[in-house]
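Worksheet for the structure shown next.
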Amino acid sequence: SLSKMFDPEFITAVTRKPAVYRGMPFIVEAGLAYGKPIEEFRVYRFANRVPLLYRSGECAITYAIREIDWRKYGLNGKKGETPTEPLIIMVHVASVWLPFTSESKEAIAPYPEIVKEIKLALKDALRDLAIYIKKKESLTYIGDKYKNLYGYGIELATRLAKILNISEEEVKNRIIN
């Protein structure tokens with residue numbers, strides 16, 4: 001659904017093994033979308049495949065997001081803040097019994113076991129994103145280095161051509177071929 005909705009340059013998804021809260025099993029799924037068409041940081045929260053639209057500040061998902069140190073994963077943002085990069089986080093918690101903060105089921109109660117599992121799922125997904133970001137940065141660095149060296153090579157070839165009395169057209173033909 002992340003690729004259909006946003007078509008980003010990078011997508012990853014993680015499903016944690018079932019965990020237990022007060023004898024009730026639950027599963028956490030987390031997905032990340034990062035890149036060009038996305039313009040800002042956003043969080044999509046789901047409980048039993050139903051979107052949680054209100055009271056995001058009271059939700060276990062928000063608590064888990066606040067506890068992540070984004071700089072460890074190559075993103076701007078301190079612990080307790082959201083990153084400034086174009087990133088979408090989608091978290092789904094499924095269970096036969098989820099503890100909600102109220103009868104209206106607008107937010108998942110932030111119990112330590114649930115927050116821990118959400119945080120671990122997000123960290124797993126963020127590790128994949130960190131690898132992608134580092135590879136992208138290193139390829140950009142190598143490309144810039146190649147462009148700089150190529151420019152020096154052309155300059156060196158033209159200077160040597162003058163010393164050896166070779167025409168500039170012949171040097172350009174040899175560089176191109």
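Put simply, the convex hull of the Cα atoms in the stretch 69-177 casts, on average, a shadow of 11.8 nm². Can you pull the percent of the chain's accessible area that's carbon plus sulfur, 1.4 Å probe, other chains left in place? Carbon with sulfur: 55 percent of the solvent-accessible area.
Would you kindly give the portion of the calculated P(r) for the stretch 44-90 that falls above 14 Å, as a percent of all Cα pairs? Value for the stretch 44-90 (Cα pairs over 14 Å): 54 percent. Over the chain, accessible surface divided per residue gives 64 Å², non-protein components excluded, 1.4 Å probe.
Computed across the stretch 2-69, the Kirkwood hydrodynamic radius from all distinct Cα-Cα pairs reaches 13.9 Å. Computed with every protein chain present, the accessible area of residue 142 is close to 100 Å² [probe 1.4 Å].
Dividing the summed helix terms, -39500 (n - 2.57) for each DSSP H run of n ≥ 4, by the number of residues in the chain produces a 222 nm estimate of -14000 deg cm²/dmol to the nearest 500.
Take the convex hull of the alpha carbons in the stretch 74-134; its mean projected area over all directions comes to 5.3 nm².
Compared with the dominant Cα axis of the chain, that is its longest principal axis, helix 112-163 is turned about 10°.
The values are calculated or read from the model by the stated rules, or taken from the named source; none is laboratory data. These numbers come from a predicted model, not from an experiment. We work out accessible area using only protein heavy atoms, side chains counted, and drop any ligands, DNA or RNA first. Shrake-Rupley method; radii C 1.70, N 1.55, O 1.52, S 1.80 Å.
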